[in-house]
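Down below is the structure, laid out as structure tokens.
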Amino acid sequence: MNTKLSVYEIIEQKDEAVSHTLSVILDDEPGALSRVLGIFTSRGYNIDSLTVSSVDEEKKVSRITIVTKGSIAVIEQIIALLNRLIPVYEVRDLTYESPHIERALALVKVNCVDKERAAAQALADRFGAKTIDSTPESFIFELADLPAKIEKFIRLMRPLGVVEVAQTGITAICRGSDYIKLTD
């Protein structure tokens, strides 16, 4: 019998720690984020990226997007623990459960003059970065994209005079008609 395994099943067989993007919908109330983070800190799980934002001010609901690494068993345990928290409505592992879009944002300050200015602007244009500030000695570029593309942009821009970088964590949302319910 020759059955084809899904990516999820192949990873599960290897029991490797891989990156997962979790989306958590919860009440926007004091201490809610602390309780979510407590699950990670009490068990020694690392958070690679964390973003929090209100998604419905009227209903007082927020979304936390967490990127963490773990085996399938660890991720399942994290999801089960998060689902038991009182302010949590829904937890989804977007990595394998649903087609989704992920983005991060970076602001990159480059100090440069002469030839480096033209090269910096050309590189920014090639990556689709916006110039949000320009002085005779510097640029600040804004790039919203996949983290790997942002890292590549910063790496290529470094020799041209990167002096400061500010980055957000990853945020993610389901593609198509699939969505995460805000409340019951």
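We did not get these values from a lab; they are worked out from the coordinates using the rules stated. None of the values given here were measured: they were computed from a predicted structure. For neighbour counting, all protein chains shown are included, and Cβ atoms are generated from backbone atoms with ideal geometry for every residue, glycine included.
Computed quantities for the displayed model
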{"item": "Where the Cα pairs of the stretch 70-130 fall when distances are cut into 5 Å bins, in %", "result": "3, 13, 14, 13, 10, 7, 7, 10, 10, 8, 4, 1"}
{"item": "Potential extension, GLU137-HIS100 segment - 0.36 nm per residue separation minus Cα distance", "result": "9.4 nm"}
{"item": "Using alpha carbons only: equivalent-ellipsoid semi-axes of the chain, gyration tensor based, whole Å", "result": "36, 21, 15"}
{"item": "Amide N proximity, the stretch 46-64 versus GLU29 label position 7 Å along Cα-to-Cβ, cut-off under 17 Å", "result": "54-64"}
{"item": "Long-range amide H partners of ASP48 with built H, under 5 Å", "result": "VAL67, THR68, LYS69"}
{"item": "Residues ASN111 and SER54, FRET efficiency given R0 of 45 Å [Cβ-Cβ distance, rounded to 0.05]", "result": "0.80"}
{"item": "Listed residue pairs exceeding 25 Å between alpha carbons, taken from LYS109/LYS152; LYS60/LYS149; LYS60/LYS130; LYS60/LYS109; LYS115/LYS152", "result": "LYS60/LYS149; LYS60/LYS130; LYS60/LYS109"}
{"item": "Full-stretch length increase - LYS69, ARG158 - with 0.36 nm per residue and alpha-carbon distance subtracted", "result": "29.2 nm"}
{"item": "Reduced Cα scattering model of the stretch 116-184, Debye log10 I(q)/I(0), q = 0.14, 0.16, 0.17, 0.26 Å⁻¹", "result": "-0.51, -0.61, -0.66, -1.28"}
